[in-house]
Amino acid sequence: MSVLSFTKDLCFTTSTVIDWIDLFTRPIYKRIVVDSLRYCQENKGLELYAWVLMSNHIHFIAGINDDNSISDILRDFKKYTSKQLVKAIQENQLESRKEWLIDRLSFRAANDRRITNFKLWQDGSYIETISTYNFYEQKLNYIHMNPVRQEITEQPEEYLYSSARDYIGQKGLLDVIVMS
């Protein structure tokens, strides 16, 4: 099968924290991202086919089931998570990197006239249209193997912040449309 057998356009996306800062090392920060993705699914028409949250970036394969575009959803997702993550950093009494993180995020904002206080995500997001099933499988494998390549886990499904579990019949943290 070389062409996808559905009518919705799918995209492979990547969003990265500024300076590749390893921000998503604490569960509180990871939950903010997961909860925001869930909100986008429930309220903005985001359809997730695959995803992985790594220490400094997120990848996903997604489609849209309403009038929003993937760019609109990513813009809103990044704006909301930026505010929530900065707040969580500021309020986290156990964050040993708090001062450094806040300084770095405010420094990056000072160099961007569009940002007032803190800049968390790099400008833009990488978005690539998926037009063949082979390309879909390549990106799916790339997403799920990220934690294995980083030696976080031995098997993709062992990583909690990913859709790999959904692809072996288990329930992951988010609703995922599994294609076979």
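The values are calculated or read from the model by the stated rules, or taken from the named source; none is laboratory data. Owing to the predicted nature of the structure, the values given are computational and were not obtained by experimental measurement. As a convention, Cβ positions derive from the backbone with ideal geometry for all residues, glycine included, and neighbour counts pool all protein chains shown. Please note that ligands, DNA and RNA were not included when accessible areas were found on the heavy atoms of the full protein model with its side chains. Shrake-Rupley method; radii C 1.70, N 1.55, O 1.52, S 1.80 Å.
Computed with a 1.4 Å probe over protein heavy atoms only, the accessible surface of the chain comes to 54 Å² per residue.
In this rough spin-label picture, where each label sits 7 Å from Cα along the Cβ direction, the I127-T153 distance is 2.9 nm. Toward the positive end of the charge dipole of segment 76-180, with +1 on the Cβ of Lys and Arg and -1 on the Cβ of Asp and Glu, the farthest Cα among T116, T129, W100 is that of T116. Projected label points at T116 and L160, each 7 Å from Cα along the beta carbon direction, are separated by 3.5 nanometres. Figure note: R31, R97 ranked by solvent-accessible area, largest first, 1.4 Å probe, ligands and nucleic acids not counted: R31, R97. The stretch between W100 and D67, if pulled fully straight at 0.36 nm per residue, gains 7.9 nm over its current Cα-Cα span.
Computed on protein heavy atoms with a 1.4 Å probe, the accessible areas place F118, F135 in the order F118, F135, largest first.
For segment 96-180, with only Lys/Arg (+1) and Asp/Glu (-1) charged at the beta-carbon, what is the dipole magnitude about the Cα centre, in debye rounded to 20?
480 debye
When K171, K139 are compared by accessible area of protein heavy atoms, the largest-first order is K171, K139, using a 1.4 Å probe. Set Lys and Arg Cβ to +1 and Asp and Glu Cβ to -1, take the dipole of the chain about its Cα centre, and tell me which of Q138, Y80, V178 lies farthest positive. Going by the Cα projections, it comes out as Y80. The charge dipole of the chain, taken about the Cα centre with unit charges on the Cβ atoms of Lys, Arg (+1) and Asp, Glu (-1), comes to about 560 debye, rounded to the nearest 20.
Check cross-link reach from K139 to the lysines: straight Cα distance under 21 Å, and skip same-chain residues fewer than eight apart. Partners within reach: K8, K171.
Scanning the chain for long hydrophobic helices, with DSSP H runs required to stretch 30 angstrom or more by C-alpha along their axis and to average at least -1.0 on the Kyte-Doolittle scale, returns 70-91. Taken as Cα centroids, segment 100-134 and segment 13-85 sit 12 Å apart, rounded to the nearest whole angstrom. In the assembled protein chains, W121 presents an accessible area of approximately 10 Å² (probe radius 1.4 Å).
Toward the positive end of the charge dipole of segment 27-76, with +1 on the Cβ of Lys and Arg and -1 on the Cβ of Asp and Glu, the farthest Cα among G45, A62, V34 is that of V34. For K83, a cut-off of 27 angstrom between C-alpha atoms picks up these lysines, skipping any fewer than 8 places away in its own chain: K30, K44, K98, K119.
Using Cβ point charges alone (K and R +1, D and E -1), the dipole size of segment 1-88 about the Cα centre works out to roughly 380 debye.
Note on V148: accessible area is roughly 30 Å² with a 1.4 Å probe, heavy atoms of protein only. Annotation: for a label point projected 7 angstrom from Cα along Cα→Cβ of Q90, residues of segment 121-142 with backbone N closer than 20 Å are 121-122.
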